[in-house]
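This report concerns only the one structure given below.
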Amino acid sequence: MSVMPKGMQKMKLRDELKRKGISPDLVDLDALIDAKLSYPENISNVMKKLGKNTKAILKSSKTASHRKAVNQLDSMELSFEREQALTKHLSRPLKSIQMDDARRAKTIIRDRDIINNPNILKRWFLYPNRYDIEGIDV
Amino acid sequence: MSYKVRASFGKERITTQKPLSKVKAQKLANYINRRKPGANARVIQG
């Protein structure tokens, strides 16, 4: 049985990657495509290989659609982090919550700080008087 | 019987960790509903 030529497979895979929001320039398709395999087999192999590193590939890309995808991933992670922080904040005694909400700390932790350094939430919980999280205790 | 507070803030949904008395749970739920924008807090058993 004849298989699709490697050049054509490469071209079609590039389109497929573009549709999935992955820049084809960042993927070494020459190395990943096996000329002896059919197109569906090759596409499943490539997607399997990319599956683990999709996020890293997306993060290194610069176009607007890719940035949007990265932001979506970040907001999903952020939502989880914020839930944990809110749970910890509201599980403290009511008097402590009221005092913390009323006082303004010198350092205000914003969303991008949490994305860059998730450990900052641990510091906030250890020293609630030194830090405030935007939208939680500010 | 012990009580907890369940609250939602848009996307985030939380339940307080420590069991509280009914009065304390109600006070906390009232505080959340009053102070936090877009919050919906209620007392649950648990």
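Can you tell me which residue among A:Arg123, A:Arg104, A:Arg130 is surrounded by fewer than 11 Cβ atoms within 10 Å (Cβ to Cβ) and farther than 29 Å from B:Ser21 by Cβ?
Step by step, each of A:Arg123, A:Arg104, A:Arg130 is checked, and only A:Arg104 is surrounded by fewer than 11 Cβ atoms within 10 Å (Cβ to Cβ) and farther than 29 Å from B:Ser21 by Cβ.
Any chance region B:12-35 includes a residue that's assigned to a loop (DSSP other than H, G, I, E, B) and out of contact with any Ser or Thr (no Cβ under 9 Å at 6 or more places or on another chain)?
no
Regarding region A:63-83, can at least one residue be identified that is under 29 Å from B:Gln26 (Cα atoms), of a type outside the set (Lys, Arg), surrounded by 14 or more Cβ atoms within 10 Å (Cβ to Cβ) and at pLDDT 80 or above?
Within region A:63-83, one or more residues are under 29 Å from B:Gln26 (Cα atoms), of a type outside the set (Lys, Arg), surrounded by 14 or more Cβ atoms within 10 Å (Cβ to Cβ) and at pLDDT 80 or above.
Can you tell me which residues in region A:118-138 are in contact (Cβ under 8 Å) with a residue 24 or more places away in the chain and not in a strand (DSSP E or B)?
Listed by number, the residues that qualify are A:Pro118, A:Leu121, A:Trp124, A:Phe125, A:Pro128, A:Asn129, A:Arg130, A:Glu134, A:Gly135, A:Ile136, A:Asp137, A:Val138.
Starting from region B:1-26, take each residue that is among the charged types (D, E, K, R) and list its partners that are modelled with pLDDT under 90 and in a loop (DSSP other than H, G, I, E, B), counting only C-beta distances under 7 angstrom and pairs at least six apart or across chains.
Partner pairs satisfying both residue conditions: B:Lys4/B:Gly46.
A:Ser91: touching a Lys or Arg at 6+ places or on another chain (Cβ under 7 Å), within 13 Å of another protein chain (Cβ to nearest Cβ), modelled with pLDDT of 85 or more and surrounded by 12 or more Cβ atoms within 10 Å (Cβ to Cβ), yes or no?
yes
If B:Val43 meets every condition in (1) over 12 Å from A:Pro93 (Cα atoms); (2) touching a Phe, Trp or Tyr at 6+ places or on another chain (Cβ under 9 Å); (3) facing chain A (nearest Cβ under 10 Å); (4) in contact (Cβ under 8 Å) with a residue 12 or more places away in the chain apart from one, which number is that one?
(3)
Hey, does region B:8-28 have a residue that's in contact with a helix residue (DSSP H, G or I) (Cβ under 7 Å, 6 or more places away or on another chain), among the aromatic types (Phe, Trp, Tyr) and at pLDDT 95 or above?
Scanning region B:8-28 turns up no residue that is in contact with a helix residue (DSSP H, G or I) (Cβ under 7 Å, 6 or more places away or on another chain), among the aromatic types (Phe, Trp, Tyr) and at pLDDT 95 or above.
Go through region B:5-23 and give me each residue that's crowded, with 20+ Cβ neighbours inside 10 Å and polar (S, T, N, Q).
Answer for region B:5-23, where residues must be crowded, with 20+ Cβ neighbours inside 10 Å and polar (S, T, N, Q): just B:Thr16.
Here is a list of conditions, (1) in contact (Cβ under 8 Å) with a residue 24 or more places away in the chain; (2) over 20 Å from A:Glu81 (Cα atoms), and B:Lys36 meets all of them except one; can you say which number that is?
Checking B:Lys36 against (1) in contact (Cβ under 8 Å) with a residue 24 or more places away in the chain; (2) over 20 Å from A:Glu81 (Cα atoms), the one that fails is (2).
What residue, among those in region A:48-62 that are at pLDDT 75 or above and surrounded by 12 or more Cβ atoms within 10 Å (Cβ to Cβ), is nearest to A:Lys122 (Cα to Cα)?
Among them, the one singled out is A:Leu50.
The values are calculated or read from the model by the stated rules, or taken from the named source; none is laboratory data. Just so we're clear, the structure is a prediction, and the values are computed from it rather than from any experiment. Methodologically, a virtual Cβ is constructed for each residue, glycine included, from the backbone with ideal geometry; neighbour enumeration extends over all protein chains shown.
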